[in-house]
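Everything on this sheet refers to the single structure shown next.
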């Protein structure tokens, strides 16, 4: 599956592991998930825990994370109820229309998302990670083109950009 990254969650972590062939080398993996600012600190407040994994060897730029936004990654993973994890293992060779756009959204942008109700999203939208504390929310969503979510501020549709079809944005329609 191919995914265009249009945003990241707030919490990052990294893990170092030995190279399987060269004992003098190490491989770095970066993990991203949602979190909430509380008492001046970024905290896990997961209601639905899921994470994205990026490997340095797959083309992920860890020094300038924001430069990964707008790039299409080839992905594998699972979105089962108790284990939500996506490995964005390498950049696609050329820009292409993705299967999903990956958005990280907050309640400041969309209003509160009524996650417990079926009508908060269209059927193709996949919730990867969701954190909530009081009136603050953050979610990482996989959204096919033209799918929608409904927050307290209205309905937002995932639309491909007219000039570059591999990029997407959320448009408020009501």
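The values are calculated or read from the model by the stated rules, or taken from the named source; none is laboratory data. Everything numeric here is computed off the predicted structure, so don't read it as measured data. Heads up, the Cβs are rebuilt from the backbone with ideal geometry, glycines too, and the neighbour counts pull from every protein chain shown.
Taking only the range 123-150 into account, find how many residues are over 20 Å from residue 97 (Cα atoms) and either modelled with pLDDT of 95 or more or in contact with a strand residue (DSSP E or B) (Cβ under 7 Å, 6 or more places away or on another chain) (or both).
Count: 13.
Give the range 162-174 a look and list any residue that's in contact with a strand residue (DSSP E or B) (Cβ under 8 Å, 6 or more places away or on another chain) and surrounded by fewer than 12 Cβ atoms within 10 Å (Cβ to Cβ), or say none. Break it down into steps so the answer makes sense when it comes.
Of the range 162-174, the ones in contact with a strand residue (DSSP E or B) (Cβ under 8 Å, 6 or more places away or on another chain) are 166-174.
171, 173, 174, listed by residue number.
Do we find a residue being in contact (Cβ under 8 Å) with a residue 12 or more places away in the chain and under 29 Å from residue 154 (Cα atoms) anywhere in the range 12-31?
Taking the range 12-31 and keeping what is in contact (Cβ under 8 Å) with a residue 12 or more places away in the chain, we get 12-17, 27-31.
Now narrow it down to the ones that are under 29 Å from residue 154 (Cα atoms): none.
Within the range 12-31, none of the residues are in contact (Cβ under 8 Å) with a residue 12 or more places away in the chain and under 29 Å from residue 154 (Cα atoms).
How about the range 1-28: which of its residues are assigned to a strand (DSSP E or B), out of contact with any helix residue (DSSP H, G or I) (no Cβ under 7 Å at 6 or more places or on another chain) and crowded, with 18+ Cβ neighbours inside 10 Å? Write out each step before concluding.
Taking the range 1-28 as the starting set, the residues that turn out to be assigned to a strand (DSSP E or B) are 2-5, 11-18, 26-28.
Filter again for out of contact with any helix residue (DSSP H, G or I) (no Cβ under 7 Å at 6 or more places or on another chain), leaving 2-4, 11-18, 26.
Correct list: 3, 4, 11.
Might you let me know whether the range 65-74 holds any residue that is touching a helix residue (DSSP H, G or I) at 6+ places or on another chain (Cβ under 7 Å) and over 20 Å from residue 129 (Cβ atoms)?
Within the range 65-74, the subset touching a helix residue (DSSP H, G or I) at 6+ places or on another chain (Cβ under 7 Å) is none.
For the range 65-74, residues touching a helix residue (DSSP H, G or I) at 6+ places or on another chain (Cβ under 7 Å) and over 20 Å from residue 129 (Cβ atoms): absent.
If you scan the range 145-174, which residues turn out to be without any contact (Cβ under 8 Å) to a residue 40 or more places away in the chain, farther than 17 Å from residue 117 by Cα and not in a strand (DSSP E or B)?
Within the range 145-174, 146, 161, 162, 163, 173, 174 meet the criteria.
Can you name the residue in the range 43-82 that is free of Cβ contacts under 8 Å to residues at least 12 places away in the same chain and in a loop (DSSP other than H, G, I, E, B) and, of all such residues, is surrounded by the most Cβ atoms within 10 Å (Cβ to Cβ)?
The extreme case among them is 61.
Limited to the range 98-144, what total is found for residues that are buried (at least 19 other Cβ atoms within 10 Å of the Cβ), in contact with a helix residue (DSSP H, G or I) (Cβ under 9 Å, 6 or more places away or on another chain) and in a strand (DSSP E or B)?
Number satisfying all stated conditions: 4.
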